[in-house]
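Scroll down for the structure; my scribbles are underneath it.
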Amino acid sequence: MSWELLPAHEQNALMLLSQFPDGFQLDVAGPVLKLVAGHAPEDLVNSLLKQSLLHADVLDDLGGERRFQMYESIRAFGLEKLKASPLAQSAREKFEDSVLRYSLHWWKQDRDHGSAIGRRRVQHEVEAMLELIAGTRNPEARAWCTVMVAPILYGKGDQERAMNLLRGAQAGLLPGSDEYVWINVIDSSLRVNEAPEHVVEALKNPHGGTDVVFAAMLTRANALQILGRNEEAIELLREAGKLEGLTPIREARLKDRLGLIFGAIGRPKDARRLYESALQQARDHKDPMLVARILFNLGWVNLRGDRGSEAVKQLQEALEMAQREDDRGFESSALGGLALALNLAGKRQEAEACMLRGIRLSRELGRTFTEVAQLNTLTRIYHEQSRDEEALQVAIKAKKLAHEIGARKSEALAEGNIAALSMVLGKGVEGAEAAWRNSYKILLELGEMRSALASLSNLGVMLGERWKAKGNPRELHAAIETLAEATNKRRDLGYDPLVDAELLLAELLVETGKRAQARELLERTLQTARGRGDDIAKKTVVDGERLLAELETENLVARGKQRPRAQAPEPAVKPRSVVSASGRPPTGRLPGKRPRMGNRPRSSNVLPTVQAPPKADSSSSLPRVQAPAKAGSSNRLAKVPAKLASSGQAPVVQAPPTKRDSSPALSKVPPRKPISSNLPPLKAKRPKGPPGAAPRKRPRGYT
């Protein structure tokens, strides 16, 4: 239709509506159309719609509400006409005022009461607010639109644009004004992972209304937690809980933040209690994204507390909510958490596919901190699938990336993972102890108790391996103390038990003769391992049941001072498994064959002691030759006399004569033909065969 054929009121309506770059709804466009006197906004829109100058889309996320769009060519024509119109200045002012009021209303509704509808409406107006920011002369309007738009852009992967907007938003603002403080709060919330020290100082004494002060305190508490200053963070959150006018949604956010800290410092029961209370409040007020975040955090606590089935359901629900709300940033985090839960449930292929999707999405969105945490989790998934070479490469990549962005926790986890995998693969074993000690120290400083205990467990496993190789009793006792501290604290704090480390501890206890204590530990470990579906737990059950059977039948003989031999080429007990971030979740012993501790003999390589025949005038009974031990027996055989130890051939054994009534002198029996003289000299012990070799059925030197 020709422009000249349109009546004046429709021409004006078309020019006014051309200001909206990404469509509009009547709620936001209505005040602008009121500049066309004598015509209702609905009538103007319907008239343009009938003439195909507008088209409408149905918004399913807003209950079928219609959003009107203008074809780009028509919009460009309308903007050109508006520039030359007397309505230009008033139209711009009305556009800015209407967009700001509409968006700010729904943004505050979401922050105060948790409104999914409000959040969606704000997201639909992002392009309009960006248009306002680019062209407004009002610094307050520019600041408020930046406060609303920057987190949305950042979450969608446009970090550079978001930070540029924030840097320019404080121009012309009065220091201390609500807009000024809000810009600081949003900027800090987006930089909290990369610059927590800056955030702690920037938000030290916030001023303003309850909403901005509350947001500042939660963001600062997050930064304190990242720095490992958990007690300060808890105290700050308690102060935030005393602010006046806290809505139920703010209370739920406060509990969620407290739960994160409690879960990290070893108080999972308190964390679970807080999450469940916060979840109920979020559900009551129908805030889907807050529900999703609380479900995600609760799922992590349950995953770490050996509640795998609950965790899978909670993380799956959180992921589905994020996808419905089109929150791609949170979706990437939820994919990582769900992947770990699926892996622990034994669903390997699903777990790997889920994690790779999460990493791709994090990389696409530029969420490097999330990507590093997911790489650590992928390391764990690969190693629990016996793909240790791949796991090592992923861990090396995670450490490099974490170092580049200054993620101390993720770097410490990756360093520990590299040490564990290198030890399994026989690469760089010498540096494993220093790596685990450093990882343990950093994680402890950051308050990451669960991950720190995993590193401590790895250190205990390494000490046990060193004792096996060198036989130093001090190494044995150090390994027992370290493993006992790591495993007991994990259980005491309510985290998922280190079942593989507990099995190793039981074996070491047997070495020191503490069988009753070892049996009690084994029974508890097996009960836990049978309830899990991952490979580490299954392997622990097999090895643990074998050891328990030996203890119960008393076939296990303590070796005392007997020096253990190293098992080459792979360590007898794998190092404690790699740990994840997100830490988010992590772990079992590195997979692989698990030879028995020490040198529990399956067959003897020592010849039996033969008693000399009685004298001719003796009336004692004839001597009995001691039979060699059966294969698999753990009973020690008698030692060969010292004079035979260096002989190159088997000793000659004389058989006793037939007994006579008159007891004459015993006749000599010709010596038994010796076995080949090429046999090696007899030793006190026969070297153990390769792992998995069948035991000898007869001692060396017998046919």
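The values are calculated or read from the model by the stated rules, or taken from the named source; none is laboratory data. Because the structure is a prediction, the values reported are computed rather than measured. Neighbour counts are summed over all protein chains in view; Cβ atoms, including those assigned to glycine, are modelled from backbone coordinates with ideal geometry. In case anyone asks, the SASA skips ligands and DNA or RNA and just uses the protein heavy atoms, side chains included. Shrake-Rupley method; radii C 1.70, N 1.55, O 1.52, S 1.80 Å.
In region 201-213, the condition of being hydrophobic (A, V, I, L, M, F, W, C) and touching a His at 6+ places or on another chain (Cβ under 9 Å) is met by at least one residue. Restricting attention to region 441-456, which residues are open to solvent by less than 10 Å² (accessible area, probe 1.4 Å) and under 18 Å from residue 302 (Cα atoms)? Of everything in region 441-456, those that are open to solvent by less than 10 Å² (accessible area, probe 1.4 Å) and under 18 Å from residue 302 (Cα atoms) turn out to be 450, 451, 453, 454. Considering the conditions (1) among the acidic types (Asp, Glu); (2) open to solvent by less than 60 Å² (accessible area, probe 1.4 Å); (3) assigned to a loop (DSSP other than H, G, I, E, B), residue 244 is excluded by exactly one of them, (2).
For (1) over 20 Å from residue 293 (Cα atoms); (2) open to solvent by less than 40 Å² (accessible area, probe 1.4 Å); (3) touching a Cys at 6+ places or on another chain (Cβ under 6 Å), each residue gets a yes or a no:
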{"position": "110", "(1), (2), (3)": "no, yes, no"}
{"position": "126", "(1), (2), (3)": "yes, yes, no"}
{"position": "129", "(1), (2), (3)": "yes, yes, yes"}
{"position": "136", "(1), (2), (3)": "yes, yes, no"}
{"position": "140", "(1), (2), (3)": "yes, no, no"}
{"position": "152", "(1), (2), (3)": "no, yes, no"}
{"position": "156", "(1), (2), (3)": "no, no, no"}
{"position": "164", "(1), (2), (3)": "yes, no, no"}
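Of the helices (runs of 4 or more DSSP H) lying entirely inside region 61-142, those containing at least 2 residues that are modelled with pLDDT of 90 or more, within 27 Å of residue 180 (Cα to Cα) and among the hydrophobic types (A, V, I, L, M, F, W, C) span 88-113, 126-135.
Taking residue 43 as the residue in question, decide whether it is in a helix (DSSP H, G or I) and either in contact with a Gly (Cβ under 9 Å, 6 or more places away or on another chain) or open to solvent by 20 Å² or more (accessible area, probe 1.4 Å) (or both). Answer is yes for this residue.
In this structure, residue 350 qualifies as over 12 Å from the mean Cα position of the chain (by Cα), of a type in the set (Asp, Glu), surrounded by fewer than 24 Cβ atoms within 10 Å (Cβ to Cβ) and at pLDDT 90 or above. Scanning region 465-502 for residues that are open to solvent by less than 10 Å² (accessible area, probe 1.4 Å) and over 22 Å from residue 538 (Cα atoms) returns 468, 479. When region 247-296 is filtered for residues that are farther than 19 Å from residue 317 by Cβ, charged (D, E, K, R) and open to solvent by less than 20 Å² (accessible area, probe 1.4 Å), only 250 remains. Reported count of residues in region 19-39, each being under 20 Å from residue 101 (Cβ atoms) and either open to solvent by 10 Å² or more (accessible area, probe 1.4 Å) or out of contact with any strand residue (DSSP E or B) (no Cβ under 8 Å at 6 or more places or on another chain) (or both), is 14.
Filter region 427-460 for residues that are of a type in the set (Asp, Glu) and outside any loop (DSSP other than H, G, I, E, B) and give the result. Passing the criteria: 430, 433, 445.
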